[in-house]
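Before any comments, here is the structure.
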Amino acid sequence: MTQEKIDKWLLDLEPFSLSELHTAMALLKHYLFLGYSLVEQEAFYSEILAGDHRKKIKELVARQRLYRSKEKPCPLCEAPLSIYSINEPKGKSNVKGYASLWLCPNADCPFEEFSFNSKYEEKRMLLTKEET
């Protein structure tokens, strides 16, 4: 990309904050990863704006709050575990092909747990397990 294009692009983005741009790019990447085309994403967004989806959106927001509040306790010290994505594909650096890692934030605790599930799948399983 030329410097001229970059300057124009940055000028066009001026009304938006960096966090808004980051959120937009994260959503775009997420839905492309899930197999939705840009056209499908635009149609979905248009339908939300045009239709009466307030109840569904409120339920989604409540579910997201619940999702964020769920924590998996460390089996050794009971501290809430942190989960990290492993972005290395299966190979020399990631021999078994793990996709995520649960780590205890307590410096004195050696607990770590690797998983073949993505960070999002792990959080979703934690949420659904606690709902039942």
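The values are calculated or read from the model by the stated rules, or taken from the named source; none is laboratory data. All of these numbers come straight from a predicted model, not from anything done at the bench. All Cβ positions, glycine included, derive from the backbone under ideal geometry; neighbour counts span all protein chains shown.
Would you mention how many residues in region 12-58 are more than 15 Å from the chain's Cα centre (by Cα), in a loop (DSSP other than H, G, I, E, B) and under 24 Å from Lys119 (Cβ atoms)?
Number of matching residues: 2.
Do any strands (runs of 3 or more DSSP E) entirely within region 60-132 hold 1 or more residues that are more than 27 Å from Leu27 (Cα to Cα) and modelled with pLDDT of 80 or more, and if so, which?
So the answer is 112-115.
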